[in-house]
Amino acid sequence: MSRGPTEHVLRRQAAEVSRLIWERGWVANHDGNVTARLAPGRIVATPTALSKRALGAEDMLLIDESRRVVRGRRRIFSEVGLHLEVYGSREDVAAVIHAHPPHATARAVTGSSLPCFLPEAVVTLGESVPLVPFALPGPAAEAALRPFLLESDAVLLAGHGVLSWGVDLEQAYLRMELVEHLSQIANLAAPVGGVQALPASTLAPLLEARTRVGLGRADRHRA
Ligand SMILES: [Zn+2]
């Protein structure tokens, strides 16, 4: 594995992203969680039961792949199994973010997936952002997520919110931002006719472009 950012840098970045998802109104109360993979079996993670508004680098935890806190005084959040599921399936991924951005979550709680109806979005996220069926938090929710991990870089979680991932926290954050932006447009379009799908003939070249820039399934390996 190439040398990535240090633990301190990841702690700082996780605190910055936490603040950002709070500022943007994507979380309330203690909602949301952020992780970044430091090394195999070493993950920097936000602690449970604190607002994302006020987390500092020193509040972050370092955990191992069995959820044990290796460094830090606080407790790990219960949804960490979803993050570990992503890291377990995708060795190219080094950051995962979960939040409840309102426009995307409105779709998730009404059981709608999100088609990618803008050309740039197909390149960034693929044909659509799928909806993971609702399952009870814990092993059932982790099993429900598993089938989507190789094809997708962001998903809507039915009855819950959004999970996104990427090679670093910036990419995972930008993917969630795009999911929320597309959802806002789709929801605004719904009462005036709804978004129109891109012509089917344009999908293949857009998906080829996605592969060319190093995204999409062709570029992936199982961990
Ligand atoms: Zn949640």
Contact order normalised by residue count of the chain, Cα under 8 Å, 6+ apart, percent
20 percent
With a cut-off of 17 Å, note down the residues of region 85-126 whose backbone N falls inside the zone around a label point 7 Å from the Cα of L203 toward its beta carbon.
113-126
By how many nm would the segment from E16 to A190 lengthen if fully extended, with 0.36 nm per residue of separation less the alpha-carbon distance?
59.3 nm
Against the 2.2 N^0.38 Å scaling, with N counting residues, where does the chain land? I'd like the Cα-based Rg ratio to two decimal places.
0.99
So for R0 = 25 Å, FRET eff. of V167-E120 from the Cβ-Cβ r, to 0.05, ends up at 0.85
Assuming R0 = 41 Å, can you tell me the calculated FRET efficiency for the pair R212 and R73, based on Cβ-Cβ distance, to the nearest 0.05?
0.35
With Cα atoms, 0 to 90° folded angle of helix 200-212 axis to the chain main axis
30 degrees
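What FRET efficiency, computed as 1/(1 + (r/R0)^6) with R0 = 25 Å and r the Cβ-Cβ distance, is obtained for A28 and L136, rounded to the nearest 0.05?
The value I calculate is 0.70.
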Name the residue farthest towards the positive end of the dipole of the chain from the options V34, L215, A189, assuming +1 on Cβ of Lys and Arg, -1 on Cβ of Asp and Glu, about the Cα centre.
V34
Sites removed, the longest contiguous part of the chain containing no DSSP-loop GluC sites (Glu not before Pro) with at most 14 other Cβ within 10 Å is 152-223
If you rank D92, D59 by how much accessible surface each has, with a 1.4 Å probe, what is the order from largest down?
D92, D59
For region 7-219, build the charge dipole from Cβ charges (+1 Lys, Arg; -1 Asp, Glu) around the Cα centre, then report which of A95, S201, V70 sits farthest towards its positive end.
V70
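As a check on your grasp of the helix formula, calculate [θ] at 222 nm for the chain: sum -39500 (n - 2.57) over DSSP H runs of n ≥ 4, divide by the residue count, round to the nearest 500.
Mean residue ellipticity, 222 nm, calculated: -11500 deg cm²/dmol.
The values are calculated or read from the model by the stated rules, or taken from the named source; none is laboratory data. Being a predicted model, the structure only gives us computed values, none of them experimental. Reconstructed Cβ throughout: ideal geometry from the backbone, glycine too, with neighbour counts over all protein chains shown. Heads up: the accessible areas ignore ligands, DNA and RNA and are worked out on the full protein's heavy atoms, side chains in. Shrake-Rupley method; radii C 1.70, N 1.55, O 1.52, S 1.80 Å.
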